[in-house]
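Read through the structure below, which is laid out as structure tokens, and then see the notes.
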Amino acid sequence: MIETRRLILRRMTMADLDGLLRIFSDPKVMESFGGVLFDRSKMEQWIQRNLDHQDQYRYGLFSVILKTNAELVGDCGLEHMEVDGSAEVEIGYDFSSSYWGRGLATEAAMAVRDYAFGQLGLPRLISLIRIHNRAIDASGGEDRYGEGEGVGAG
Ligand SMILES: CC(C)(COP(=O)(O)OP(=O)(O)OC[C@H]1O[C@@H](n2cnc3c(N)ncnc32)[C@H](O)[C@@H]1OP(=O)(O)O)[C@@H](O)C(=O)NCCC(=O)NCCS
């Protein structure tokens, strides 16, 4: 568990399904992922994948709880991935649109960054950003990704 000024980041469980589904069935949130909203079964599969990932790699996405009202307001954490053939650990986050713009993603991501470098002793983190490039979209090209060390929300 990680505690920040306003947030608790704790291990995700299947009991978080309703809270996460509120976020992943919100069109504003899902606009970033092609606009397809999650239903219950898709949410369950997504959580199960994260739980399996957590068992395999000893890190994963935390559920993020707002201290003032104990509401699940997002997820934030680490995911193993292959980028251009090399193993990387990505820091990622999704937050309830009702809470956007208050610095919560930044607060959570900074705490996860410190946990990754400190407690887990990881040497490096990346953050992938999908670049919406109209010219590439129009030409039927691929999504492009930027890479960097350090974190940012947005
Ligand atoms: C991206 C997301 C997590 C940001 O959450 P948040 O709690 O509002 O973020 P913060 O308040 O910490 O803002 C962080 C920075 O991003 C900027 N930002 C936040 N949302 C933005 C948006 N939709 N467009 C442009 N900038 C944005 C903020 O202005 C802030 O910049 P600043 O520090 O220079 O002021 C949230 O909008 C979200 O869940 N979006 C949908 C899912 C998603 O895109 N996840 C990330 C991709 S994996």
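Evaluated against (1) within 14 Å of the ligand (Cβ to nearest atom); (2) in contact with a helix residue (DSSP H, G or I) (Cβ under 9 Å, 6 or more places away or on another chain); (3) under 19 Å from Leu128 (Cα atoms); (4) not in a strand (DSSP E or B), Phe38 falls short on exactly one condition, (3).
Which of the residues spanning the range 132-151 are exposed (fewer than 10 other Cβ atoms within 10 Å of the Cβ) and either at pLDDT 95 or above or in contact with a Gly (Cβ under 9 Å, 6 or more places away or on another chain) (or both)? Result: Ala135, single match. Residues of the range 109-132 that are within 8 Å of the ligand (Cβ to nearest atom) and of a type in the set (A, V, I, L, M, F, W, C): Ala109, Leu128, Ile129. Among the conditions (1) part of a loop (DSSP other than H, G, I, E, B); (2) without any contact (Cβ under 8 Å) to a residue 12 or more places away in the chain; (3) not hydrophobic (A, V, I, L, M, F, W, C), Thr68 misses just one, which is (2).
The sole residue among Leu20, Leu104 that is free of Cβ contacts under 8 Å to residues at least 60 places away in the same chain and either surrounded by 15 or more Cβ atoms within 10 Å (Cβ to Cβ) or away from the ligand (no atom under 16 Å from the Cβ) (or both) is Leu20. Selection of first residues in the range 83-98 that are among the aliphatic types (A, V, I, L, M) and of second residues that are within 14 Å of the ligand (Cβ to nearest atom) and part of a loop (DSSP other than H, G, I, E, B), restricted to Cβ pairs under 9 Å at least 6 apart or on distinct chains, gives the following pairs, ordered by first then second residue: Val83/Leu128; Val83/Glu147; Val89/Leu125; Ile91/Leu125; Ile91/Ser127; Ile91/Val151. Within the range 32-44, one or more residues are surrounded by 18 or more Cβ atoms within 10 Å (Cβ to Cβ) and either of a type in the set (Phe, Trp, Tyr) or in contact with a Gly (Cβ under 6 Å, 6 or more places away or on another chain) (or both). Filtered by the rule that a residue be closer than 13 Å to Met81 by Cβ and crowded, with 16+ Cβ neighbours inside 10 Å, the range 51-60 gives His53, Tyr59, Gly60.
Restricted to the range 61-101, and to residues there that are near the ligand (Cβ under 8 Å from one of its atoms) and among the small types (Gly, Ala, Ser), the residue that is nearest to Arg49 (Cα to Cα) is Gly92. Just to be sure I understand the filter: pairs with C-beta atoms under 6 Å, separated by 6 or more residues or on different chains, first member in the range 27-51 and within 12 Å of Asp16 (Cα to Cα), second member within 16 Å of the ligand (Cβ to nearest atom) and of a type in the set (Phe, Trp, Tyr). Which pairs pass? Partner pairs satisfying both residue conditions: Met43/Phe24. Inspection of the range 16-29 identifies no residue that is part of a helix (DSSP H, G or I), closer than 19 Å to Leu120 by Cβ and of a type outside the set (Phe, Trp, Tyr).
The values are calculated or read from the model by the stated rules, or taken from the named source; none is laboratory data. Nothing here was measured: the structure is a model prediction, and the numbers come from that model. We place every Cβ from the backbone using ideal geometry, glycine too, and count neighbours over all the protein chains shown.
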